[in-house]
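K.L.:
Here's a structure for you.
Just so it is clear, none of the values below were taken in a lab; they were calculated from the coordinates. No experiment lies behind these values; they were computed from the predicted model shown. All Cβ positions, glycine included, derive from the backbone under ideal geometry; neighbour counts span all protein chains shown.
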Amino acid sequence: MKRALITGITGQDGSYLAEYLLTKGYQVWGLMRRTSLDPLLRINDLTVTRRINILYGNLRDSASIQRAIEESQPNEIYNLAAQSDVGISFKVPEETMEVNYYGLGRLVNEAMKINSQVRIYQASTSEMFGKTKPPQNENSHFAPVSPYGEAKLKAHEDFVKGYRNTHGLYICSGLLFNHESPKRGEHFVTRKITISLAKIKLGLQDSFALGNLEAKRDWGYAGDYVRAMHLMLQQDSPDDYVIATGESRSVRDFVEAACRALDMKITWSGKGLDEVAKDKDGKTILTIRKEFYRPAEVDYLLGDSTKAREKLGWKPEVDFNGLVAMMAKSDLDFFRKENHTRG
Ligand code: GDD
C-alpha cells in the first residue's frame, strides 16, 4: 500500500487530493498547522477526515517536517502548503518568501536525508508566467509580477530544477492554472462572486464589490487538477507540466456566468471605478473598489496543457460553465439551508 504525505491538507486541493488518493488505496498523512480549531472542523468532508492521519507541523519548522516524514515514511510527498493569496503577498512579501520558497527548501532537504528515493510534487503556478503573452506552456518565459509569483518561481528554479539536476531527486512542478470548486477559499474572486450572488438572490446581502473585472484567467475544476498531480508522480522520470483547460475568461465573464446559473439578470453601466451592475429592478448589486485592485496585475492567463494531455493522458472533465454552475448552486443551497435553520 502506497503512503502519501500532503502538506496543506486543510486547503481546497489538499482535501480533493486526499479524497482521490484514498480511492486509489493510499494511506494518507496530512501535515497541519496547529490552531485552536478542531482539525475535523477544518476539513469539511468527515468521511475523508476520519481516514487521514493528521500530523502537526508546518513549513517554517524543519524539526516538524522531519518528524512528519519519519512518522509517515511516504513514497510520495505533495507540497500544497503555501501563502497562496496573490493579493495578500504584496502586503506580506517576507512571509510569502519564507513559506513558499524556504518552506520547500526545508521539505526537500529533510526528505532527502530520510529517503532520497521519495517522489515529490511541488505546487507551482501559472502566476509565474506573469506578463508573458498567452498561451503559456512549459517553454514559455517566466515573468512574475507579484511576491507570490516570485517566491514560487525561485522555489521552482532552486529546489525543483536544481535538486532534480544536481541530486537526482524525483521532484515535479505542476504549473497549475487557476482551479476552483465549492471548497475554494472565500477570498479568491470566484468564490467571492458565487457566495455574494447567492446571498443577494436570497435577500441576505444587498451588494458586493470587486476590483479588476478585465483580468483573464484559465479557470478549471480542482477535482480534475488533483488527478494530474498524482499522475506526475507515477511516471518513469520527473518532469514539469502545465495543467490548464485551454479556455480563458475574464472576471466579468465569471460574474455573468454565475448570474446565469442563478437565474439573475444584470445590466452593467458606468466605467472604471464608477462601473456598477444592477439587477432587474434597477438595484445596484455590484460596485468596483480600488482596494481590490492589485499593485501589479497578471492580465491574461491561458494555458496550453498539450504535454500533460499527451504524456500523462490527463484531461479536464468539467468546463467553465459547468464549474461556475457547480459553485453557484452549491453556495445557493448552503445559504438557503442555513437561512432556513436560522429562520
Ligand atoms: N481575490 C480577488 N478579489 N481578486 C479579484 C477581485 C477581488 O475582489 N476583483 C478582481 N479580482 C481579480 C484579481 O485581480 C485577479 O486578476 C483575478 O481576479 C483572480 O484573482 P484570485 O481569485 O485571487 O486568483 P489569482 O489568479 O490571483 O491566484 C490564484 O491562482 C493562481 C494560479 O494562477 C491562486 O489560487 C494562486 O494561489 C494560484 O497560484
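K.L.:
Could you tally the net charge around residue 110, taking each other residue with its Cβ under 11 Å from the Cβ of residue 110, Lys/Arg +1 and Asp/Glu -1?
P.N.:
Around residue 110, the surrounding residues sum to +1.
K.L.:
Cα centroids of the range 213-244 and the range 279-343: how far apart, whole angstrom?
P.N.:
17 Å
K.L.:
So, R0 is 30 Å and r is the distance between the beta-carbons of residue 315 and residue 342; what FRET efficiency does that work out to, to 0.05? Provide the component values of the computation, followed by the final result.
P.N.:
On the way: r = 42 Å, r/R0 = 1.40.
Efficiency at R0 = 30 Å is approximately 0.10.
K.L.:
Output the pairs from 133/199; 183/265; 152/311; 201/315; 91/311; 131/283 with a Cα-Cα distance over 31 Å in this structure; if there are none, say none. Don't jump to the answer; show the numbers that get you there.
P.N.:
Numbers: 133/199 37 Å; 183/265 26 Å; 152/311 24 Å; 201/315 34 Å; 91/311 39 Å; 131/283 37 Å.
Pairs exceeding 31 Å: 133/199; 201/315; 91/311; 131/283.
K.L.:
Give the peptides 9-19, 126-136 in descending order of average Cβ contacts within 10 Å, highest first.
P.N.:
On the way: 9-19: 24.5, 126-136: 21.0.
Descending mean neighbour count gives 9-19, 126-136.
K.L.:
Within 9 Å, Cβ to Cβ, of residue 244, how many net charges do the neighbouring residues add up to if Lys/Arg are +1 and Asp/Glu are -1? Can you show the working numbers first?
P.N.:
On the way: positive: none; negative: 218, 247, 304.
Net of charged neighbours comes to -3.
K.L.:
Mind ranking 176-183, 107-114, 284-291 by how tightly packed they are, going by the mean number of other C-beta atoms within 10 angstrom, highest first? Walk me through the numbers on the way to the answer.
P.N.:
Working: 176-183: 22.9, 107-114: 19.6, 284-291: 14.6.
The peptides rank, most packed first, as 176-183, 107-114, 284-291.
K.L.:
Determine, for each peptide in 256-266, 199-209, the mean count of other beta carbons within 10 angstrom over its residues, then list the peptides with the highest first. Please list the in-between numbers first.
P.N.:
Working: 256-266: 17.5, 199-209: 15.3.
Top to bottom by mean Cβ count within 10 Å: 256-266, 199-209.
K.L.:
Using the Cα atoms as the points, what is the convex hull volume per residue of the chain in Å³?
P.N.:
Numbers: hull volume 46.2 nm³, N = 343.
Considering the Cα atoms of the chain, their hull volume per residue is 135 Å³.
K.L.:
Within 14 Å, Cβ to Cβ, of residue 165, how many net charges do the neighbouring residues add up to if Lys/Arg are +1 and Asp/Glu are -1? It would help to have the intermediate numbers written out before the result.
P.N.:
Numbers: positive: 161, 164; negative: 157, 158, 239, 240.
Here the charged neighbours net out to -2.
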